[in-house]
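The structure appears right after this line, and notes come after that.
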Amino acid sequence: EVQLVESGGVVVQPGGSLRLSCAASGFTFDDYTMHWVRQAPGKGLEWVSLISWDGGSTYYADSVKGRFTISRDNSKNSLYLQMNSLRTEDTALYYCAKDISADYWGQGTLVTVSS
Amino acid sequence: DIQMTQSPSAMSASVGDRVTITCRASQGISNYLAWFQQKPGKVPKRLIYASSSLQSGVPSRFSGSGSGTEFTLTISSLQPEDFATYYCLQHNSYPPTFGGGTKVEIK
């Protein structure tokens, strides 16, 4: 059974940093592209970042480019999102999702940016 | 970046109605489109991939069609459990982009 479990979401002040993790199981992790997708309270889905199976290619939404860094450790079946220079508009539920067309999603981890 | 314009943004429908939701891409995306259903407080669930392929376990009343720039999600006979918000996602080119969502409410 595919499982994706996000962690690391907390309340952080504007300008702060945070690292999210996504632990994967139930599939061959290093065969798949992985995404981070977020959803602000009461809003729609916003794609955030993507990483290729080997970590060699990464992509970012303009809203996070230069502030967020996606990475993965295939030896640990884990996906990460380093979030720096956080803004109030980054407040959202952050999901990791498997495969280019997002066939499986985790339950999400809540990031709140507030003073 | 490719923009995905989803319509309508909200609709009211009755149980048994046929419902059609449209996503238009700002440029051609072949068939690299997926549809998702999200119920309040729940994780998005993929319904359709590659424009028209039904995800395993999804009822056959859901169907997808289209290629290039125009895509549709059809629910042939709306059931009570189908009241939710639906999103399209293009992944033909990066960055991937979601449509704005369609909220299907009970009439």
*Taking only region B:31-56 into account, find how many residues are in a loop (DSSP other than H, G, I, E, B) and either on the phi < 0 side of the Ramachandran plot or within 16 Å of the chain's Cα centre (by Cα) (or both).*
12
*Which residues, counting only those in region B:26-66, are in contact with a Lys or Arg (Cβ under 7 Å, 6 or more places away or on another chain) and more than 10 Å from every other protein chain (Cβ to nearest Cβ)?*
B:Gln37
_Tell me the residue from B:Ser26, B:Ser7 that is among the polar types (S, T, N, Q) and under 21 Å from A:Ser49 (Cα atoms), please._
B:Ser26
*asked:* Within region B:1-30, take every residue that is assigned to a strand (DSSP E or B) and over 15 Å from the mean Cα position of the chain (by Cα) and give me the one that is farthest from A:Glu46 (Cα to Cα).
replied: B:Ala13
*For region B:51-60, state whether one or more residues are farther than 21 Å from A:Leu93 by Cβ, buried (at least 18 other Cβ atoms within 10 Å of the Cβ) and hydroxyl-bearing (Ser, Thr, Tyr).*
yes
*Kindly provide the set of residues from region B:15-25 that are more than 14 Å from chain A (Cβ to nearest Cβ) and closer than 27 Å to B:Tyr94 by Cβ, ordered by number.*
B:Thr22, B:Arg24, B:Ala25
*Quick one: in region A:84-115, of everything that is part of a loop (DSSP other than H, G, I, E, B) and within 30 Å of B:Ser53 (Cα to Cα), which residue is farthest from the other protein chains (Cβ to nearest Cβ)?*
A:Asp99
_Selection status of A:Leu20, farther than 21 Å from B:Met4 by Cα, within 12 Å of chain B (Cβ to nearest Cβ), in a strand (DSSP E or B) and touching a residue at least 24 places away in the same chain (Cβ under 8 Å)_ = no
_Matching residues in region A:23-42 - criterion: being in contact (Cβ under 8 Å) with a residue 24 or more places away in the chain and within 14 Å of chain B (Cβ to nearest Cβ)_ = A:Tyr32, A:Thr33, A:Met34, A:His35, A:Trp36, A:Val37, A:Arg38, A:Gln39, A:Ala40, A:Pro41
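Each value in this text was obtained by applying a stated rule to the coordinates, not by laboratory testing. Not measured: the values here are computed from a predicted model. Backbone-built Cβ (ideal geometry, glycine too); neighbour counts: all protein chains shown.
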